[in-house]
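Participant: Before I ask anything, here is the structure I am working with.
The values are calculated or read from the model by the stated rules, or taken from the named source; none is laboratory data. Small disclaimer: the values here were computed from a predicted structure and weren't measured. Cβ sites come from the backbone with ideal geometry, for glycine too, and all protein chains shown count toward neighbours. The area values use the complete protein model at the heavy-atom level, side chains included, leaving out ligands, DNA and RNA. Shrake-Rupley method; radii C 1.70, N 1.55, O 1.52, S 1.80 Å.
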Number of protein chains: 2
Amino acid sequence: MLDQLPNTLLQQRKTVQLEANQPLFIQGTKPKFLYFLEEGEVQLTRCGQQGETCTLQRIQQGFLAEASLFAEHYHCDAHCSKKSRLSAFPIKAFRQQLGQDGFYEVWIQLLSKEIKRLRNQGQRLALNSASDRIIHCLQTEGENGVLRLQGSIKEWAAELGLSHETLYRTLHRLQKQKQLEIVKQKTATQLKLTMHCPT
Amino acid sequence: MLDQLPNTLLQQRKTVQLEANQPLFIQGTKPKFLYFLEEGEVQLTRCGQQGETCTLQRIQQGFLAEASLFAEHYHCDAHCSKKSRLSAFPIKAFRQQLGQDGFYEVWIQLLSKEIKRLRNQGQRLALNSASDRIIHCLQTEGENGVLRLQGSIKEWAAELGLSHETLYRTLHRLQKQKQLEIVKQKTATQLKLTMHCPT
DNA sequence: GTTTTTGTATGATTTGAATCATATCTTACT
DNA sequence: AGTAAGATATGATTCAAATCATACAAAAAC
């Protein structure tokens, strides 16, 4: 992804190494850098009314909080959920670069992709059965109905807005019903949809 | 909002008048125009697996399917849910205009705003109690805890991912518990949060 | 290597939202 | 004005997910 960035920008990036659980930025502060996560994992979170932490997004690779490029302040918190390596681009330089060589087009396409992803997520969370959400996720996030889970099933449960108990149960039920296959690999679990429906 | 668009573009717009229930575009087709809804209401929808229609978004004013500007095909359907007036901008002209006078910055900010809205929506739909979703909606979509409902409560229920029965009941319960006020006006219902929490 | 923590898994119970049913009120249509 | 259609409202019932509890395996920490 970074290969689409102009060299001028790449030269200005600073590499940031963070351990698990270290904070990256907090809600309300003014963005100075735009971060690109190279490896590891970052979570975007927010506090609920009772102080519970709500995870908005788990990211393994890519730009974080794209909207911060033109925002006066962050609208969520970010912390490393795993040891991570990031590239930090000065916001000012990044914004200047947008006007050069049609770089803005790259950025707009990236934002558009994020919008599509979020719309899918919204549609998914509006489904009220666990199996519907699982299947929808495989259909929209997976490639040809196959999805490699990033991280644990428990973390995936949070993303799907389900309790982990329900997710375990429903996954096994769907497997018994031959609606999907669960392939456990060393690194990660892989899910494959046993397709009936077209599309 | 259109006042931020350059004149060159405004001159190229075509006005489109559509009656309620008329389709605007369908998923899979190639976008030729970028639509701005002036008045009325448009719904972005998608089909579920069993053919049920799922409403992704109800819009009363603003650009529709912003991602279509750089998309090969629409990723959802759109139809007028009320008699509507729209402005249609040729995609090609719009994209060319992005490079002029830093217009891309306006567009990026608009996309960023949409991303924030969608993130809020995702966070809201991940809440599993009806009252939590209602309160979260007032906090994030409302101004200072006050929200004027666009359309019927029934339509709002769909947006919140709740059955309309549950929404009616929960609204009245929250009112009894003095957590919010319901003000019925001629045109629309207005909801006001009886604040306890800071922020 | 041992301990501790975290993820996986499943059973029992509770809870709250969906659903079905029905009634009234409002709005749109003719 | 009169009728039809849709929104509002509430009760009864069902159902599925959350929660609580517990057990075991795997991974991390020491």
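Participant: Taking loop as defined by DSSP and a crowding limit of 16 other beta carbons within 10 Å, which trypsin sites (Lys or Arg not before Pro) in segment B:1-100 fit? Mind showing how you got there, number by number?
Facilitator: Numbers: sites: B:ARG13, B:LYS14, B:LYS32, B:ARG46, B:ARG58, B:LYS82, B:LYS83, B:ARG85, B:LYS92, B:ARG95; in loops: B:ARG13, B:LYS32.
Those that pass, being in a loop and sparsely packed, are B:LYS32.
Participant: Need one number: nm distance between label points at A:GLU143 and B:VAL183, each 7 Å from Cα along Cα→Cβ, rounded to one decimal.
Facilitator: Each label point lies 7 Å from its Cα, and together they span 5.4 nm.
Participant: Between the DSSP loop rule and a limit of at most 15 other Cβ atoms within 10 Å, which trypsin sites (Lys or Arg not before Pro) in segment B:107-199 are left? Each step should come with its number before you reach the end.
Facilitator: Details: sites: B:LYS113, B:LYS116, B:ARG117, B:ARG119, B:ARG124, B:ARG133, B:ARG148, B:LYS154, B:ARG169, B:ARG173, B:LYS176, B:LYS178, B:LYS184, B:LYS186, B:LYS192; in loops: B:LYS178, B:LYS186.
Filter output for segment B:107-199: B:LYS178, B:LYS186.
Participant: Related question: Classify segment B:128-193 as rounded, prolate or oblate, taking a ≥ b ≥ c as the square roots of the eigenvalues of its Cα gyration tensor: rounded when a/c is under 1.5, otherwise prolate if a/b is larger than b/c and oblate if not. Intermediate results must be reported in sequence, preceding the final value.
Facilitator: Values: a/c = 1.24, a/b = 1.10, b/c = 1.13.
It is rounded, given that a/c, with a ≥ b ≥ c, falls under 1.5.
Participant: Sticking with this structure for a sec: Report ³J(HN,Hα) in whole Hz for each residue of segment B:86-97, in order, from the Karplus equation J = 6.51 cos²θ - 1.76 cosθ + 1.60 where θ = phi - 60°; Gly and Pro get x.
Facilitator: 10, 10, 10, 10, x, 4, 4, 5, 5, 5, 5, 5
Participant: Given a Förster distance of 41 angstrom, what is the FRET efficiency for A:ARG46 paired with B:GLN11, based on the Cβ-Cβ distance and rounded to 0.05?
Facilitator: On the way: r = 43 Å, r/R0 = 1.05.
With R0 = 41 Å, the Cβ-Cβ based efficiency is 0.45.
Participant: Taking GluC sites (Glu not before Pro) as candidate sites, keep only those in a DSSP loop with at most 15 other Cβ atoms within 10 Å, then name the longest stretch of chain B containing none of them. Could you put the intermediate results ahead of the total?
Facilitator: Details: sites that count: B:GLU19, B:GLU52, B:GLU72.
The answer is B:73-199.
Participant: Take every residue in peptide B:72-84, count the Cβ atoms of other chains within 10 Å of its Cβ, and give the average of those counts. List each step's numbers first, then the result.
Facilitator: On the way: counts 0, 0, 0, 5, 4, 0, 0, 0, 0, 0, 0, 0, 0.
Other-chain Cβ atoms within 10 Å of each residue's Cβ, averaged: 1.
Participant: Turning to a different aspect of this structure: Please report how far the C-alpha centroid of segment A:39-92 lies from that of segment B:1-48, rounded to the nearest whole angstrom.
Facilitator: If we compute the Cα centre of each part, the gap is 33 Å.
Participant: On average, how many beta carbons from a partner chain sit within 10 Å of the beta carbon of a residue in A:92-99? Working shown, then result.
Facilitator: Working: counts 0, 0, 0, 2, 0, 0, 4, 4.
Rounded to a whole number, the mean comes out at 1.
Participant: Given the Cα atoms of the protein assembly as shown, and with Rh set as the inverse mean 1/r over their pairs in the Kirkwood sense, what is Rg to Rh to two decimals? Numbers along the way, then the final one.
Facilitator: Numbers: Rg = 21.8 Å, Rh = 22.8 Å.
Checking Rg against Rh, the ratio lands at 0.96.
Participant: Which of A:LYS83/A:LYS184; A:LYS113/A:LYS178; B:LYS83/B:LYS178; B:LYS30/B:LYS83 have a Cα-Cα distance over 27 Å? Present the calculation step by step, with values, prior to reporting the outcome.
Facilitator: Working: A:LYS83/A:LYS184 24 Å; A:LYS113/A:LYS178 32 Å; B:LYS83/B:LYS178 37 Å; B:LYS30/B:LYS83 24 Å.
Result: A:LYS113/A:LYS178; B:LYS83/B:LYS178 exceed 27 Å.
Participant: Measuring nothing but label to label, 7 Å from Cα along Cα→Cβ, what are A:LYS186's distances to the other copies in nm, shortest first?
Facilitator: Relative to the other copies, A:LYS186 has label-point distances of 7.3 nm.
Participant: Once amide H atoms are placed 1.01 Å from N in the peptide plane, what residues at a sequence separation of 5 or more from A:SER81, or on another chain, have their amide H within under 5 Å of its amide H?
Facilitator: Those qualifying (amide H under 5 Å, at least 5 residues apart or on another chain) are A:ASN21, A:GLU41, A:VAL42, A:GLN43.
Participant: In Å², rounded to the nearest 100, what is the total accessible surface buried by chains B and A against each other with a 1.4 Å probe?
Facilitator: 3600 Å²
Participant: Averaged across the residues of A:103-109, what count of C-beta atoms belonging to other chains lies within 10 Å of each residue's C-beta? Each step should come with its number before you reach the end.
Facilitator: On the way: counts 1, 8, 6, 0, 4, 10, 4.
What the average comes to for A:103-109 is 5.
Participant: Any chance you could run the full-extension gain for B:GLN175 through B:ALA88? It's 0.36 nm times the residue separation minus the Cα-Cα distance, nm to one decimal. Could you put the intermediate results ahead of the total?
Facilitator: Details: separation 87, 0.36 × 87 = 31.32 nm, distance 4.28 nm.
Working it through step by step, the gained length comes to 27.0 nm.
Participant: What's the percent breakdown of Cα-Cα distances in segment A:115-157 across 5 Å bins, shortest bin first?
Facilitator: Distribution as computed: 5, 23, 27, 32, 12, 0 percent.
Participant: Same structure again: Could you give, in nm with one decimal, how far A:GLN96 is from each other copy of that position, shortest first, with labels 7 Å out from Cα toward Cβ?
Facilitator: Distances to the matching label points in the other copies: 3.0 nm.
Participant: What is the calculated FRET efficiency for A:ILE153 to A:LYS192, with r their C-beta to C-beta distance and R₀ = 22 Å, to the nearest 0.05? Please report the intermediate quantities before stating the final value.
Facilitator: On the way: r = 15 Å, r/R0 = 0.69.
Given R0 = 22 Å and the Cβ-Cβ separation, E is 0.90.
Participant: If you build the convex hull over the alpha carbons only and average its shadow over all orientations, what do you get for segment B:1-122? Give it in nm² to one decimal. Mind dumping the intermediate values first?
Facilitator: Details: hull surface 30.5 nm².
Over all viewing directions, segment B:1-122 projects a mean Cα-hull area of 7.6 nm².
Participant: A follow-up question, please. At A:ILE26, with labels set 7 Å past Cα in the Cβ direction, how many nm apart are the copies from this one, shortest first?
Facilitator: For A:ILE26, the inter-copy label distances come out at 5.3 nm.
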